[in-house]
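Inspection log for the structure reproduced underneath, given as structure tokens.
The values are calculated or read from the model by the stated rules, or taken from the named source; none is laboratory data. Model, not experiment: these values are computed from the prediction. Backbone-built Cβ (ideal geometry, glycine too); neighbour counts: all protein chains shown. SASA here: full protein model, heavy atoms, side chains in, ligands and nucleic acids out. Shrake-Rupley method; radii C 1.70, N 1.55, O 1.52, S 1.80 Å.
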Amino acid sequence: MDVIKSQQISARPIEKVVVHPLVLLSIVDHYNRVARDTKKRVVGVLLGTSFRGTVDVTNSYAVPFEEEDKDPSISFLDHNYHESMFSMFRRINAKEHVVGWYSTGPKLRENDLNIHGIFNAYVPTPVLVIIDVQPKELGIPTKAYYAVEEVKENATQKSQKVFVHVPSEIAAHEVEEIGVEHLLRDVKDTTISTLATEVSGKLTALKGLDARLQEIRSYLDNVIDEKLPLNHEILYHLQDVFNLLPNLNVAELIKAFAVKTNDMMLVIYLSSLIRSVIALHNLINNKMLNKEHEKAEDSKPVAVPTAAGS
């Protein structure tokens with residue numbers, strides 16, 4: 001069997017997962033071919049490298065996967081197909097190893113820990129990347145997790161593995177950036193101005209911030225109602241966020257924000273005014289040019305055909 005059971009990959013905690021565009025395109029294609037317009041999800045293997053806590057996912061391939069609708073704990077993953085595909089991929093690029101697996105979720109499911117345990121035979125710390133192939137909002141469509149052993153406070157209870165979220169991002173090599181730019185040319189709407197694009201981006205960012213604040217509020221309400229246990233690490237992070245917020249009660253800061261906003265609005269207003277004047281100037285020039293062409297056509301002598309003699 002060509003699949004390496006013990007990769008020489010650092011077992012240190014994973015700090016970040018980097019997903020490349022080729023992986024996203026491959027997963028979307030897999031979903032459209034197998035599970036489009038259904039409630040099923042697709043599963044596959046992630047290939048790449050791991051160095052100093054950063055997992056770089058550069059390639060992937062689909063794996064036949066089925067799970068029972070009524071009983072999610074019953075599933076089938078084709079090991080033979082996976083091992084055959086990985087042996088062929090190693091012939092092309094020996095530097096790429098199995099770093100984990102992907103799912104189109106769009107959320108974690110009960111059987112994910114069992115599937116995750118299968119990949120422990122190929123990599124010490126596999127990652128699970130959930131790809132949202134049908135995102136409802138703009139943003140990064142990836143969520144990454146890895147499993148850790150959770151030790152119970154009560155010594156009589158057995159420890160169990162749980163998923164821990166890890167930050168993920170989208171990155172590309174120079175060759176991939178060129179390919180992505182060519183794809184964006186086909187899907188980009190040229191009728192939308194740069195200003196409208198920037199405003200749309202700001203609106204999306206504000207919606208994302210509002211969703212995160214609602215999530216924080218929901219968590220704190222559940223902690224107060226004793227529906228969730230108190231997690232001091234989360235509270236420490238929230239305290240850091242609140243400490244970094246600027247004090248908006250300072251008069252100088254309020255004045256600086258107002259001046260900055262007024263300057264930006266003035267530039268936008270002047271730009272729109274200049275654009276309108278230039279458009280009107282071009283329209284007048286076009287009208288004058290058309291009139292000159294009409295006068296030149298009218299001044300040309302009209303040729304009278306001569307009658308043929310009998």
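Placing +1 on the Cβ of every Lys and Arg and -1 on the Cβ of every Asp and Glu, with nothing else charged, gives the chain a dipole about its Cα centre of roughly 420 debye. May I ask for the angle, rounded to the nearest 10°, between helix 232-244 and the longest principal axis of the chain, with both axes built from Cα atoms and the value confined to 0 to 90°? Compared with the principal axis, the helix lies near 30 degrees.
Once the Cα atoms of helix 21-34 and of the chain are each reduced to a long axis, what angle between those two axes, in degrees from 0 to 90 to the nearest 10, is obtained? So the inclination is approximately 80 degrees. Among TYR31, TYR219, the order of accessible area from largest down is TYR219, TYR31, computed with a 1.4 Å probe on protein heavy atoms. Modelled spin labels at LYS291 and GLU215, positioned 7 Å past Cα toward Cβ, are 6.4 nm from each other. To the nearest ten degrees, helix 251-299 and the longest principal axis of the Cα atoms of the chain are 40 degrees apart. LYS107 contributes about 150 Å² of solvent-accessible surface, heavy atoms of the protein only, 1.4 Å probe. In this rough spin-label picture, where each label sits 7 Å from Cα along the Cβ direction, the ASN262-ASP78 distance is 6.9 nm. Between LEU273 and PHE242, the modelled labels are 4.6 nm apart [label points 7 Å from Cα along Cα→Cβ]. Pick out, from HIS237, VAL259, ILE92, the residue whose Cα sits farthest towards the positive end of the charge dipole of the chain, with +1 on the Cβ of Lys and Arg and -1 on the Cβ of Asp and Glu. Farthest along the dipole direction, towards plus: VAL259. Each peptide among 117-130, 201-214 gets the average number of other Cβ atoms lying within 10 Å of its residues, and from highest to lowest they stand as 117-130, 201-214.
Look at the dipole of the chain built from charges on Cβ: of SER200, LEU108, ALA62, the Cα furthest out on the positive end belongs to SER200. Surface listing: VAL43, VAL164, VAL151 arranged by accessible area from highest to lowest gives VAL151, VAL164, VAL43, probe 1.4 Å. Taking a ≥ b ≥ c as the square roots of the Cα gyration tensor eigenvalues, with a/c under 1.5 meaning rounded and otherwise prolate when a/b beats b/c, else oblate, which class fits region 200-244? Judged from the Cα gyration tensor, region 200-244 comes out oblate (a/c at least 1.5, b/c at or above a/b). Express as a percent, rounded to the nearest 5, the fraction of DSSP beta bridges in the chain (both residues included) that run antiparallel. Approximately 70 percent, going by the DSSP bridge assignments. Stokes-Einstein, applied to the Kirkwood radius of the chain over Cα pairs at a viscosity of 0.692 mPa s and 37 °C, places its translational diffusion at 130 µm² s⁻¹. Amide H contacts under 5 Å for GLY100: LEU46, VAL127, restricted to partners 5 or more places along the chain or on a different chain, H placed in the peptide plane at 1.01 Å from N.
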